[in-house]
1. Quick one: which residue in V79, V19, V27 is at pLDDT 65 or above and over 15 Å from V103 (Cβ atoms)?
2. Could you identify the single residue in G207, G195, G177 that is surrounded by fewer than 18 Cβ atoms within 10 Å (Cβ to Cβ), closer than 25 Å to W154 by Cα and assigned by TED's automatic domain parsing to the domain that holds Q276?
3. In this structure, does L254 turn out to be in contact with a Pro (Cβ under 9 Å, 6 or more places away or on another chain), crowded, with 17+ Cβ neighbours inside 10 Å and closer than 16 Å to L138 by Cβ?
4. If V79 passes every condition in (1) in a strand (DSSP E or B); (2) touching a residue at least 60 places away in the same chain (Cβ under 8 Å) but one, which one does it miss?
5. Of the numbered conditions (1) out of contact with any Cys (no Cβ under 8 Å at 6 or more places or on another chain); (2) over 30 Å from G384 (Cβ atoms), T82 fails exactly one; give the number of that condition.
6. Is there any pair linking a residue in the stretch 171-198 that is in a helix (DSSP H, G or I) and of a type outside the set (K, R) to one that is crowded, with 20+ Cβ neighbours inside 10 Å and at pLDDT 95 or above, with Cβ under 6 Å and at least six apart or on different chains, and which?
7. Suppose the filter is part of a strand (DSSP E or B) and surrounded by fewer than 16 Cβ atoms within 10 Å (Cβ to Cβ); does T155 pass it?
8. Which of the residues belonging to the stretch 204-241 are part of a strand (DSSP E or B), farther than 30 Å from P258 by Cα and of a type outside the set (S, T, N, Q)?
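The values are calculated or read from the model by the stated rules, or taken from the named source; none is laboratory data. If you're wondering where the values come from, they're calculated on a predicted model, not measured in any experiment. With ideal geometry, Cβ positions are generated from the backbone for all residues, glycine too; neighbour counts draw on all protein chains shown.
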Amino acid sequence: MRIARPMLMCAVAALFLSVLPACAQGVRFISPQDGDTVRDMVRFEATKPSPNSGWISYKVEKGGSGDFVAAVTEPFVFVWDTRARDDKDKPLYGDGQYTITAVAMSPRGRKAGEATVTVTVKNAISASDRPSSVQPRLLYERNDEVYYTARGSWTIKPAADEEEPDDVYEMAKDANGAMVANWKNKVMSPTEAGGRAVLHVVVGSAGEQMGAEDISVFDEAGDSHTYLAMPDGTMRLKHDDASAFRYAELFLQLPDKPLKQGDTWTSQMRMLPVPQSDTEVNTINAKHRVEGFEWVNGHKCLRIRSTFSVKGEKLKLRLQPKAQQGDMFGGEPGDMGGMDPMMMAPPDAMMGMDPMMGMEGMMGMEGGMGGMGGAPELESDYSGERVTYWAFDVNRPVRIVDTITHSLEIERSAIGGDMSMMGGEFMPDMGMMPVDPGGPPPMDPGMAPGMDPGAMPPGFDPAMAGGMGMEGMMTQQMEPAEPMKVRINVTLSIEEVPHAQGLR
């Protein structure tokens, strides 16, 4: 039977149009596929003609509106976080149908083809798939090995009423930082009824970086720590005198009751105000609320939001890289090798000098001289929240996300690097300059050379005459500087992963 040419042409055109969305003008989606239901992290991958030149831009649209989210070169892979949120914690991509477009571009930036697929995002667990309530418990089975990766960052910015914001930005060049840590929880003894599991927390690669310094490896890297995992979600060292691994302890205490959406409670929570290696883990009281049920990393989870606020907390924060601490003296922290010889002079050369001028007076006991005394202790008001994704199908957290904002004042003496660090305390109450015991008597520090004390007119300030004198000079140059008013924004995420770097 012969088929009329017009009919044949229509059939070919229809076949061509049926494959056009996923493969057009030589551009083809490998993942996702058209019609897929996706959640959590979604891998975009497409191919194009001339893969060794140009790039592919991916666009995400819902209801006809959307944005380009990435431009990638070969192998043209991008991971789309369907859970991404804006700075007000509102979801950027709710559940629903999305059109994903891959646009191939030539090296000159000209469009060389495109392809589209339609997918359905479904992060929420449907009512038919979730229980009416869940009793969350931290439970481990025999031979379980669970891997985690923590990633954190801290960024310093001037407060709205800081009068010299440029100083804060200058400090932030060295003080801003980030960290990463990998570890696994290896079950040595499983959870028993009413009991607890014994875990070896084995730390893999872990370190931090501040400013432009090299990465500093954490002391715990390569170590093993033994913890008790309690059913209420808390983690305790098996032996009180054993060394701890901070990131394994960031728990929230679960209530002893089933939870459903909208339920609230108050309990203790362990958190890191700033994830620097100097900062200690704090135990605080937080308010918790079950926001809903979601899929995360392939697990059915409770989404729990915890909020907290702390006033006047004493924190030890390092404001510059370790490699720079002590640079004022040209040596390592605590190293006096580069100190001015006057500071190392024998006792008889210090005649007439206030005895309190020594190192205690110079350093203000804590944190002076650019960190020679260690990280300075600062007082902070801070607030924040934690979102915990508790997988009730495997009885453990699979993702934890902390966001914290600090408001505090930093004395300029805690930073170092210029005269302002002295803050009026660097050389207190100096009476006179050191003298040679065999030389002439010291000059009155307020007296200009050759001036007769009786010839001073009323209202005359001797400190302003001649070279000003030492006391006058100190008064004029070392007025206490106003502290810097700053905000520190902290983010920290802990996520269960298939494997972790530095671990086997």
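1. Numbers: V19 fails: at pLDDT 65 or above; V27 fails: over 15 Å from V103 (Cβ atoms).
Testing whether each residue is at pLDDT 65 or above and over 15 Å from V103 (Cβ atoms) leaves just V79.
2. Numbers: G195 fails: closer than 25 Å to W154 by Cα; G177 fails: surrounded by fewer than 18 Cβ atoms within 10 Å (Cβ to Cβ).
The unique qualifying residue is G207.
3. Answer is yes for this residue.
4. Every listed condition holds for V79 apart from (2).
5. Here T82 clears every test but (2).
6. A172/I156; A175/I156
7. yes
8. Selection gives G204, A206, G207, E208, M210, V217, H225.
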